[in-house]
Amino acid sequence: MIEERSNPQGHTRQPTVALFVTCLADLFRPSVAFASIKLLERAGCSVIVPTQQTCCGQPAYNSGDYEATTPLAKQVIAMLEPADYVVVPSGSCAGMICHHYPRLLEGEWQQRARDLATRTYELTTFLADIAPLPRSKVKTAALPPVTYHDSCAGLRELDIREQPRRLLREVCGIEVNEMQQTDVCCGFGGTFCAKMPEISAKMASDKVHNAVATGARILTGGDLGCLLNLAGRARRLGETIEVRHVAELLSGDLAVPAIGEGN
Amino acid sequence: MTKSARSRIFAKIRHSSRGATAATIREELDSFGKAPAADLPTPDTATAFLANVLKNQGTVDCAANRTDAVRAVGQYLYQHYRTHRLVAGNDSRLAAMPWRDAGVLPRFGTAEGNEPAALSYARLGVAETGAVVTFTGKANPAANNLLAEHHIVLVNCEDLVGDMEEAWLRIRHEVDRDGRPRGINFIAGPSSTADIEGQLVYGAHGPRGWHVILLGYMPASALEDARALAAG
Amino acid sequence: MEMHSQAFLENAREALGDPEKTRRRGLLAAFTPMVRNAAMESFGKFEPLRQHLRRVRQHTLDNLDHYLDRFEQEALSNGNHVHFAMDGEEMNRIVLEICQRHSARRIAKGKSMVTEETGLSRHLQGAGLNVTETDLGEYIIQQAGEPPSHIVGPALHKSAAEVRDLFLARHDLGERELEETSQLVQEARGVLRQRFLEADVGIIGANALVAENGYSMLVTNEGNGDLCANLPPVLIVCTTLERILPRAEDATAMMRLLVRSATGQPHTCYTSFYSGPRREQDTDGPIETHFVLLDDKRTDILASDYREMLQCIRCGACLNHCPIYAAAGGHAYGAVYMGPMGSVLTPLLTSLEESHLLPNACTSCGRCAEVCPSGIPLPDLLRDLRQAEQAAKLSPPRWRTGLKLHAWLARHPRLYHGLTALGIPLLHRLGRRRGSFSKLPLAGGWTSQRDFPAPQRKTFMQAYAGVLKAEKKRRRHD
C-alpha cells in the first residue's frame, strides 16, 4: 500500500510517480501512455512525465553492446531518481531497470541502480499491489472475452502473473480465458525477431493460434514489443483477433483502433 | 604425452584455485549440511518402500519368513514361466534358504545370455527411491542384475533405509568392514527406454520384469497401503 | 549429414519446412516441460536443493585441484589406470591405444556426450574397430548416420515409422512385424545383446566422479551402460574434469534434480557406481579399467567469466523448455550440444567465429534459467557471448552500427524527439488506412514474416507537449 510522503515542510503530499513511457509506446502507441497516466491518477498518484526520456537501452544491451548501454542507463537513472516511484507500462523495460541496470553498472552507479530498482514497478503490479486502482465509478461497457499474454521478462524477472488478471477482473469485471502454454515466449525478443524471422514467426504463430483457440476476441498483455509482434503476425495470418495493451483495457479506452488495425 | 597433459591440467586448475587447506575445504563442505531429500509417501518405511517400488513399475510381495520367501519366488517363477529355472549368485544367505519347500533349486553362479530369471539378495532397500542396492561380487555377479528376463530381489525389512544419505551411511559401514566393492548398483525398476517417440517400453536391454520380495516383520496392512499409495 | 553452426538460420528454415517433424517437435516441447513440472511439484524442494547443489558444485570448482588430486589417488588405489587428455584428439588416441594393446575388435559403447564431443566412435572406426552404440537412441542415429538432436533423447526427431524402415534396412532378419514400438525395442534388444556379449572393450561416460572414493557414477534407464561396464574384459570411462563431486552423497543428491529435470522420473532405473577392475574373489567384471579425464577447454572456462557453465549436469531441461530449440530442432545448431546450454558451450568449446550465431538464438525469455537444476543464468551468459561477438566485430556491421546509433541518439533526447516527431507522423499517414504495412524499407527482417503495425498519429512526446501547452493556457485563462 502506498504511503503518503512528508515533504521537507512536514506536509503530507501525494506520492509522485514518474512515468517511464517506453520508446515503443512513445513511437507506436501513445494511447498506452495516456491510459497509464489516467490509471495512475485514478489511483491517487501525482504523475510526472520526464520529458528527457527516450529508451531504456534494451536494444543495445540485449545485442551485447554494454559499452553503448552504460551511459544511457546512467542517464535514465539520473532522470528518474527524484521521483518517489517509477512506473513503466512494460515488464521488459521495468525488468531492464530493476535487474539489468544493477548487473550492468558498477560502484556508486550500481548502488543508485539498486536504489531505483526498489522504487520501480511495472504498471499492473503497481496498480494491483502498491497504489490500488479503485473500481471505476463509470460503468464500462461489457468487454468481449479476452486472453492474456504473459510477457517473459514480466513473468520471470518481476513475477507478474496474477496482477493484470486481478485488475481485469476487479476493474473491468472480466475473466481472462487462459490460453495453452501461457508461459512460452511469443518470439519477439527485441532484435531477435528481425535477426531470426522464421523462428520468431513460428513462435508468434503458435501464440496467435493458442490465443484464438480460447475464443477470446481480444489478446492483451503488458508489453508493446510482444503485442506489436503478435498483432503483426496475426494480421499476416489473417486472424481477426484484436491486440491491445492492458492499460487501454483497464482505462476503458477502446475508441482507438487496436494495434495494427486501420482507421 | 599424458603425463604432460596431467601437469598442464593441474597447473591451469591451480591457477584458478583458492589454494585452501584440506581442513578448510572439509569444513566448508560440512557447513552446507544435508541435501533436501524427497519426502516419503507415508511415515512407515516398509510401506513407503513398497509403494515406491510399485511406482517404479516393479511388482512386490511380502514374506514373513524364509519359507514364505522361497514360496513367493516359486510362485512368481511359475506365474511367468511355468518353470522353476533360476540363477542366483553364490550368496550364503541364498544358499541357506529352504528351497526344497518351494520346489525351486537355483543354479548358483553367473547369469548367461538368455536366462529366464535371476535372483539377488539386496544389501539395502531405499524407501525414498524404491531402489534395491546390490554390490557386485561372487554373491551377486552384475550379470545377474542385467541379463535375465526377470529379476527377483529379496530385501530384509531391517535393511530398509529412508533416504539416499542413510543408504550411504550403511554402505560406508559395510565398505569399511569388507573393502570397496567393484560396483554398487541402485536398481529401481525394470530396464526401460523412451528413445522412440518418447514412448515408454520395458525390457530395453535388461530385465523386463522386476519383482521385489520384502522379507521380515512389517505392518500387516503394508502391502495393501502401498498399493493404495502407488495407485493414488 | 553434416551441419554447421554458421548455417543455423538455413538449417532452422529447412527444419521448419517439414510440417510433420515440426508438429512432432511441438508436441515434445509441450510434453517434456509438463512431466518435468509435475515431477518437481511432487518433489516440492526444487529451490532449496538447487541452492544446496550450487553451493556444493561451486565449492568443488573453487577447489578443483584438491578434488581432482583426491579422485586420481583414490582411482589409482582402486586399481584403475588414470589418463589425462588436453583435447579430444588426445583422448581418442589414448582410447585407441588401449583398444589396440588388447587387440580389441569389437567395442560396446554407452551413451556419452563427451565422446560425441571428441568424435571417438568415428576415430575408432577409422582405425578399423567395430563400435556399437548401445543406448537405443544412440544406436538408431548411428544406424542412420546422423548426429544426436538432443543430449538426452538423441533420436527423438525420428518417428517410429522411420526407425522401422531403418531396422528393416539394417538388420538382416527376414520378414517380421515391426508395427509396434515395443517390437522395435525388442528387435534392438536382440541385436544389441549379442554385441554386449561379444565386446572386447566397453566404453562408458560418467555422470559424476566421486573424489572421496574414486568411484564413477553412471545413470541409465536401459541398463546398457551397466552391460558395457560389466561384461567386456576391458572398461574405459571417458569423462571430463568438471564431473567431480566431493562425496557419494553429493552425486545422489544431484540425481534428485538431474532425473526429474531430464525425464520427469524421480530417479533412473539404474544408478551405478563403479570403482575399478574385478577384485580377487569376484567372478565377473572387467579385468582392466581406465579413466580418461578430458580437459577440452574446461580449465579455460574455469578461469573465465563463464565458469558457471561448468555446473551444467546435461539434463536437457533447457532444451526441452526452449521455444527456439523446439522451432529449429537440435540438428540446426550444427553442434554436439544444442539449445541454450549448447549455445553457451559451443562457442566456448569451438570458437566464436564459427558459432557466434548460436548465442543470438535466444529471446532472453528466461525459461531455461528458471528450470535449470544448476541455476545457471543461461540468458545472461548468452548475452555476454553476444557482447564478445560484438567486441570481436562478428555481428553484421549494419546491426552493430544501427544499434550504436540508436543508443547514441537515445542519449540525446532533443535530437531523438525531433527526429521521431518527423518520422512517426509520416509513417502514420502512410499506414493509417490499413493500420499496418506488409512491406517496409529497412524492416525486411520484420515484414518478411509479419505486418508492421502503423504508429498512432504522433509520438507520445509530441502529443503530451500539446496537452501540457493546452493545460498551461487553460490555467492562464482561469
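Hey, among A:Leu104, A:Leu80, which residue is in contact (Cβ under 8 Å) with a residue 12 or more places away in the chain and touching a Pro at 6+ places or on another chain (Cβ under 9 Å)? Give the derivation first.
Numbers: A:Leu104 fails: touching a Pro at 6+ places or on another chain (Cβ under 9 Å).
Selected residue: A:Leu80, the only one of A:Leu104, A:Leu80 that is in contact (Cβ under 8 Å) with a residue 12 or more places away in the chain and touching a Pro at 6+ places or on another chain (Cβ under 9 Å).
Out of all the residues in the stretch C:413-432, which are closer than 23 Å to A:Leu72 by Cβ and more than 9 Å from chain A (Cβ to nearest Cβ)? Before you say what the answer is, go through the steps one by one.
Narrowing the stretch C:413-432 to residues closer than 23 Å to A:Leu72 by Cβ: C:413-424.
Of everything in the stretch C:413-432, those that are closer than 23 Å to A:Leu72 by Cβ and more than 9 Å from chain A (Cβ to nearest Cβ) turn out to be C:Leu415, C:Gly418, C:Leu419, C:Ala421, C:Leu422.
Among the residues of the stretch C:433-457, count how many are more than 7 Å from chain A (Cβ to nearest Cβ), in a loop (DSSP other than H, G, I, E, B) and at negative phi. Show your work before the answer.
The first filter runs over the stretch C:433-457 and keeps only residues more than 7 Å from chain A (Cβ to nearest Cβ), leaving C:437-444, C:447, C:454, C:457.
Retained after the next criterion (residues that are in a loop (DSSP other than H, G, I, E, B)): C:438-443, C:454, C:457.
Subset that is at negative phi: C:438-441, C:443, C:454, C:457.
Final tally of qualifying residues: 7.
Residues checked against (1) crowded, with 16+ Cβ neighbours inside 10 Å; (2) at pLDDT 95 or above; (3) within 19 Å of B:Ser221 (Cβ to Cβ):
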| position | (1), (2), (3) |
| --- | --- |
| B:Asp39 | no, yes, no |
| B:Phe49 | yes, yes, yes |
| B:Lys55 | yes, yes, yes |
| B:Leu119 | yes, yes, no |
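Six or more apart or on different chains, Cβ atoms under 7 Å: show the pairs whose first residue is in the stretch A:45-69 and within 7 Å of another protein chain (Cβ to nearest Cβ) and whose second is among the polar types (S, T, N, Q) and crowded, with 23+ Cβ neighbours inside 10 Å.
Cβ pairs passing all conditions: A:Gly57/A:Thr69; A:Ala60/A:Thr69; A:Asn62/C:Ser364.
Filter the stretch C:212-233 for residues that are more than 10 Å from chain B (Cβ to nearest Cβ) and in a loop (DSSP other than H, G, I, E, B); which is surrounded by the most Cβ atoms within 10 Å (Cβ to Cβ)?
C:Pro232
So B:Ala48 passes all but one of these: (1) assigned to a helix (DSSP H, G or I); (2) away from every other protein chain (no Cβ under 14 Å); (3) under 23 Å from B:Glu158 (Cα atoms). Which condition number does it fail?
(2)
Please note which strands (runs of 3 or more DSSP E) are completely contained in the stretch A:41-151 and include at least 3 residues that are on the phi > 0 side of the Ramachandran plot and either in the same structural domain as A:Met203 (by TED's automatic domain parsing) or among the polar types (S, T, N, Q) (or both).
On the way: elements: A:46-48, A:85-88, A:120-122, A:146-149.
Ranges flagged: none.
What single numbered condition from (1) surrounded by fewer than 20 Cβ atoms within 10 Å (Cβ to Cβ); (2) touching a residue at least 12 places away in the same chain (Cβ under 8 Å) fails to hold for C:Glu97?
Failed condition: (2).
Scan B:Val132, B:Val175 and give me the residue that is β-branched (Val, Ile, Thr), out of contact with any Pro (no Cβ under 7 Å at 6 or more places or on another chain), within 13 Å of chain C (Cβ to nearest Cβ) and surrounded by fewer than 24 Cβ atoms within 10 Å (Cβ to Cβ).
Values: B:Val132 fails: surrounded by fewer than 24 Cβ atoms within 10 Å (Cβ to Cβ).
So the residue among B:Val132, B:Val175 that is β-branched (Val, Ile, Thr), out of contact with any Pro (no Cβ under 7 Å at 6 or more places or on another chain), within 13 Å of chain C (Cβ to nearest Cβ) and surrounded by fewer than 24 Cβ atoms within 10 Å (Cβ to Cβ) is B:Val175.
Residues C:Glu97, C:Glu14, C:Glu20: which one is part of a helix (DSSP H, G or I) and within 11 Å of chain B (Cβ to nearest Cβ)? Walk me through how you get there before you give the answer.
Details: C:Glu14 fails: within 11 Å of chain B (Cβ to nearest Cβ); C:Glu20 fails: within 11 Å of chain B (Cβ to nearest Cβ).
Just a single option satisfies the conditions, and that option is C:Glu97.
Which residues, counting only those in the stretch A:234-263, are charged (D, E, K, R), in a helix (DSSP H, G or I) and without any contact (Cβ under 8 Å) to a residue 40 or more places away in the chain? Explain how you work it out, then say what you get.
Looking only at the stretch A:234-263, we keep the residues that are charged (D, E, K, R), and these are A:235-236, A:239, A:242, A:244, A:248, A:253, A:261.
Within this subset, residues satisfying the condition of being in a helix (DSSP H, G or I) are A:235-236, A:248.
The answer is A:Arg235, A:Arg236.
Within the set of pairs 6+ apart or on separate chains, which have a first residue in the stretch A:211-228 that is within 14 Å of another protein chain (Cβ to nearest Cβ), a second that is among the hydroxyl-bearing types (Ser, Thr, Tyr) and surrounded by fewer than 24 Cβ atoms within 10 Å (Cβ to Cβ), and C-beta atoms under 6 Å apart?
What qualifies is A:Leu219/A:Thr147.
When you look at B:Leu77, is it crowded, with 17+ Cβ neighbours inside 10 Å, aliphatic (A, V, I, L, M) and more than 17 Å from the chain's Cα centre (by Cα), yes or no? Reasoning before the result, please.
Values: crowded, with 17+ Cβ neighbours inside 10 Å: yes; aliphatic (A, V, I, L, M): yes; more than 17 Å from the chain's Cα centre (by Cα): yes.
It is true that B:Leu77 is crowded, with 17+ Cβ neighbours inside 10 Å, aliphatic (A, V, I, L, M) and more than 17 Å from the chain's Cα centre (by Cα).
Just the residues that are in a loop (DSSP other than H, G, I, E, B) and either surrounded by 15 or more Cβ atoms within 10 Å (Cβ to Cβ) or basic (Lys, Arg) (or both), please, taken from the stretch C:23-58. Reasoning before the result, please.
Let us first name the residues in the stretch C:23-58 that are in a loop (DSSP other than H, G, I, E, B), namely C:44-45.
Selection gives C:Lys45 alone.
A quick yes/no check of all residues on (1) touching a residue at least 60 places away in the same chain (Cβ under 8 Å); (2) assigned by TED's automatic domain parsing to the domain that holds C:Val210; (3) closer than 20 Å to C:Asn224 by Cα; (4) small (Gly, Ala, Ser):
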{"position": "C:His81", "(1), (2), (3), (4)": "yes, yes, no, no"}
{"position": "C:Met86", "(1), (2), (3), (4)": "yes, yes, no, no"}
{"position": "C:Met91", "(1), (2), (3), (4)": "yes, yes, no, no"}
{"position": "C:Ile107", "(1), (2), (3), (4)": "yes, yes, yes, no"}
{"position": "C:Ile140", "(1), (2), (3), (4)": "no, yes, yes, no"}
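Could you list, ordered by first residue, the pairs with Cβ atoms under 7 Å in which the first is in the stretch C:155-168 and within 14 Å of C:Glu180 (Cα to Cα) and more than 10 Å from chain B (Cβ to nearest Cβ) and the second is assigned to a loop (DSSP other than H, G, I, E, B) and of a type outside the set (Asp, Glu), at least 6 apart or interchain?
C:Phe167/C:Leu178; C:Leu168/C:Leu178
Identify all residues within the stretch C:295-304 that are more than 10 Å from C:Glu242 (Cβ to Cβ) and either buried (at least 18 other Cβ atoms within 10 Å of the Cβ) or touching a residue at least 40 places away in the same chain (Cβ under 8 Å) (or both); write none if there are none.
If we filter the stretch C:295-304 for residues that are more than 10 Å from C:Glu242 (Cβ to Cβ), which is where we start, we get C:296-297, C:300, C:303-304.
Residues satisfying the conditions are C:Asp296, C:Lys297, C:Asp300, C:Ser304.
Do we find that A:Cys186 is under 17 Å from the mean Cα position of the chain (by Cα), closer than 30 Å to C:Glu10 by Cβ, crowded, with 18+ Cβ neighbours inside 10 Å and facing chain C (nearest Cβ under 9 Å) in this structure? Steps first, please.
On the way: under 17 Å from the mean Cα position of the chain (by Cα): yes; closer than 30 Å to C:Glu10 by Cβ: yes; crowded, with 18+ Cβ neighbours inside 10 Å: yes; facing chain C (nearest Cβ under 9 Å): yes.
It is true that A:Cys186 is under 17 Å from the mean Cα position of the chain (by Cα), closer than 30 Å to C:Glu10 by Cβ, crowded, with 18+ Cβ neighbours inside 10 Å and facing chain C (nearest Cβ under 9 Å).
With (1) within 30 Å of A:Arg244 (Cβ to Cβ); (2) buried (at least 18 other Cβ atoms within 10 Å of the Cβ); (3) among the charged types (D, E, K, R); (4) in contact (Cβ under 8 Å) with a residue 12 or more places away in the chain as the list, and C:Arg450 as the residue in question, which single condition is left unmet?
C:Arg450 satisfies every listed condition except (4).
Answer yes if at least one residue in the stretch B:10-23 is more than 10 Å from chain C (Cβ to nearest Cβ), without any contact (Cβ under 8 Å) to a residue 60 or more places away in the chain and of a type outside the set (A, V, I, L, M, F, W, C), and no otherwise.
Taking the stretch B:10-23 first, the residues more than 10 Å from chain C (Cβ to nearest Cβ) are B:23.
Then keep just the ones that are without any contact (Cβ under 8 Å) to a residue 60 or more places away in the chain; that gives B:23.
Now narrow it down to the ones that are of a type outside the set (A, V, I, L, M, F, W, C): none.
Scanning the stretch B:10-23, I find no residue that is more than 10 Å from chain C (Cβ to nearest Cβ), without any contact (Cβ under 8 Å) to a residue 60 or more places away in the chain and of a type outside the set (A, V, I, L, M, F, W, C), so the answer is no.
The values are calculated or read from the model by the stated rules, or taken from the named source; none is laboratory data. Because the structure is a prediction, the values reported are computed rather than measured. All Cβ positions, glycine included, derive from the backbone under ideal geometry; neighbour counts span all protein chains shown.
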